[in-house]
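Shown next, in structure tokens, is the structure this report addresses.
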Amino acid sequence: MYKGLIERYKDYLKDIYCQNIITLNEGNTPFIKSNGLKDIIGNCNLYFKYEGLNPTGSFKDRGMTAAITKAVADGSKNVICASTGNTSASAAAYSARAGIRCIVLIPEGKVAMGKLSQAIVYGADIVQVKGNFDQALNLVKEAAKRLPVTIVNSINPYRLEGQKTAAFEICDDLGKAPDYQFMPVGNAGNISAYWKGYKEYKANIVIDNLPKMMGVQAAGAAPIVEGRIIENPETIATAIRIGNPASWDKANTALQESQGTIDKVTDDEIMEAYRLLSSREGIFAEPASCASLAGLIKYAKNHDLSGKTVVCILTGNGLKDPDTAMKRNIILKNISADINDLMDVLS
Ligand SMILES: *Cc1c(COP(=O)(O)O)cnc(C)c1O
């Protein structure tokens, strides 16, 4: 049976592979061909990597199996992270499985309900910070100097090691690397991880091409696009509501080496992509994830992608954020339990 990504890609995870792997069989997520968007994006071969189907509903599980496995192997009994939501859900789940304590710092009032409920049920110590993610991460770094805790944010290098396996899966499914990969960028760990993965597969001659890495930030939280720290980032896509990305330099390297670009999309463009993805493709992804498709739609307006193989990374599950879904114009038809009433509303 499938035993998770550390077992599957152990040849590429030699520092992490060990006897006691902490896993929920993460990874191995669906790679889905798009068939409903040709009128908008033209004739490219578009695929979605649906990371929302990881065990806690986001790609963070790839990094967390690696970070928690390593923390436990090194004897750590406490882990800590700052989170816009998904990191805390994932850290809490893998810590529960490992039987260690998990402390999460979240920006007050800015975490989607599904994510917070996960951290609660998995039994994390949850600390709400009056401040944003960047401030919470600074607190985490300070706390780790004073307490015996392992940081499991993406500044933990094992996180990126785990996350790079998503690039391997895409290549294994396609038989090559895509021409373009669009993905949301928040703290910028994931874009750095994918690029590392693609480069390792090329170095081992599993693939002979590399994709252009196309980062997408939310317009109200676009520090890399604008080349400056954003003090008060704002966007409906809370998972990428970050003003000072921890992996800024690594992301710039990925963009330069791959000859990719990074652009920003408005919340309206994100919500349009959210609507298209769910209503035309049958895929429910959280707003931050939809930034990838919004970025592709924007790019395709001025660039011909005919015949190109393009992948959009859908980083998290739409069920994480029911509030955003319920804000859409909801048209429920109400009837009594009577077949004539039913016929009336359906005619
Ligand atoms: C964490 C997260 C991101 C951003 O990833 P970074 O590595 O911080 O750039 C995007 N989408 C979702 C759903 C996330 O949970």
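Listed values, structure above:
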{"item": "Protein accessible area in the stretch 59-151, 1.4 Å probe - carbon and sulfur %", "result": "53"}
{"item": "Loop-resident sites, the stretch 228-312, for trypsin sites (Lys or Arg not before Pro), counting at most 13 other Cβ within 10 Å (DSSP)", "result": "Arg228"}
{"item": "Compactness index (Cα Rg / 2.2 N^0.38 Å), the stretch 227-347", "result": "1.41"}
{"item": "Fluctuation leader among Gly260, Gly75, Gly123 - the chain, Gaussian network, Cα springs under 10 angstrom", "result": "Gly75"}
{"item": "Solvent-accessible area per residue, Å², over the chain with all protein chains present [probe radius 1.4 Å]", "result": "43"}
{"item": "Dipole magnitude of the chain about its Cα centre (Cβ charges: Lys, Arg +1; Asp, Glu -1), debye to nearest 20", "result": "800"}
{"item": "The stretch 59-151, dipole about Cα centre (Lys/Arg Cβ +1, Asp/Glu Cβ -1), debye to the nearest 20", "result": "100"}
{"item": "Rg over Rh, two decimals, the stretch 116-247 (C-alpha only, Kirkwood Rh)", "result": "1.02"}
{"item": "Segment Arg146-Asp341, extension gain: residue separation times 0.36 nm, minus the distance between their alpha carbons", "result": "63.6 nm"}
{"item": "Under the Debye formula (equal points on every Cα, no solvent term), log10 I(q)/I(0) of the chain at q = 0.08, 0.11 Å⁻¹", "result": "-0.37, -0.68"}
{"item": "Spherically averaged projected area in nm², based on the convex hull that wraps the Cα atoms of the stretch 1-148", "result": "11.4"}
{"item": "Point-charge dipole on Cβ atoms (K/R +1, D/E -1) for the stretch 247-300, about Cα centre, debye to 20", "result": "100"}
{"item": "Net charge, Gly307 excluded, C-beta distance under 14 Å - Lys, Arg +1, Asp, Glu -1", "result": "+1"}
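The values are calculated or read from the model by the stated rules, or taken from the named source; none is laboratory data. All of these numbers come straight from a predicted model, not from anything done at the bench. Note that we place each Cβ from the backbone using ideal geometry, even for glycine, and neighbour counts take in every protein chain shown. Accessible surface is based on the protein model in full, side chains and every heavy atom, while ligands, DNA and RNA are left aside. Shrake-Rupley method; radii C 1.70, N 1.55, O 1.52, S 1.80 Å.
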